[in-house]
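Have a look at the structure below before the remarks.
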Amino acid sequence: MKDPSSTSSPRRDRSRTPSGEAVRFLVVGRVLGPVGITGDVRVRLQTDFPERFEHLQTVHLGDNLRPYRVGHVRLEGGTVVLHLSGVDDAASAQSLANQDVQVPIGEAVALPPDQFYVHEIVGLEVWTDAGRRLGDVVDVLRTGSNDVYVVRSGTKELLLPVIEDVVQSIDPASRRIIVHLLPGLEE
């Protein structure tokens, strides 16, 4: 059995894919808008690994996944300022506002054993330690204290806190999560 304490927090790079396809890209930020007049853009971080931007050579923006070479990078708290090739003025930078900044799944930061990205959790079957199937994880909600798995079976939804007492094991290879239902979590 895996150490449940290390499975309690999926990493935050969000997955992005058209319905029914395998995950190909991770969302690591969102363009807020231009910085100055030289085409730099400010990006709100949506990753647990902000340092990843210092090593990126290319990012993909928007639903069409248009590639941009990354010039200079400056981390500023919860944001990063990027210069992207071909974006050389404030108007061009403004046109990128509200677009997701994405990287290919193959560029995901390697995680320690027993830690998982959200896209590795969504779609897994959830079973109780008593052998009852509860449904599939359809979303992971990030709260202040712990994540919450949204588990759906038909029209029923169950919210499971991702805490050591509940999540017993996560096994992406077998596509299963084993949970212990505490009082109050039963359907």
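FYI, it's all coordinate maths here, none of it is from the lab. Keep in mind it's a predicted model, so treat the numbers as computed, not measured. Counting neighbours? That spans all protein chains shown, and the Cβs are built from the backbone with ideal geometry, glycine included.
If amide hydrogens are placed 1.01 Å from N in the peptide plane, which non-local residues have theirs closer than 5 Å to the one on Val101?
Answer set, sorted by chain and number: Val28, Gly29, Arg30, Val31.
Rounded, prolate or oblate: which fits the chain when a ≥ b ≥ c are the square roots of the eigenvalues of the alpha-carbon gyration tensor, with rounded for a/c under 1.5 and prolate only if a/b beats b/c?
The shape class here is prolate.
Report the full-extension gain for the segment Asp88 to Ser153: residue separation times 0.36 nm, less the Cα-Cα distance, to one decimal in nm.
My answer for the length gained is 18.4 nm.
So for region 15-107, what are the equivalent ellipsoid semi-axes in whole Å, largest first, each being the square root of 5 times an eigenvalue of the Cα gyration tensor?
In descending order the semi-axes read 21, 14, 11 Å.
Within region 26-55, list the residues whose amide N lies under 15 Å from a label point set 7 Å along Cα→Cβ of His72.
Of the residues in region 26-55, 35-42, 54 have backbone N under 15 Å from the label point off His72.
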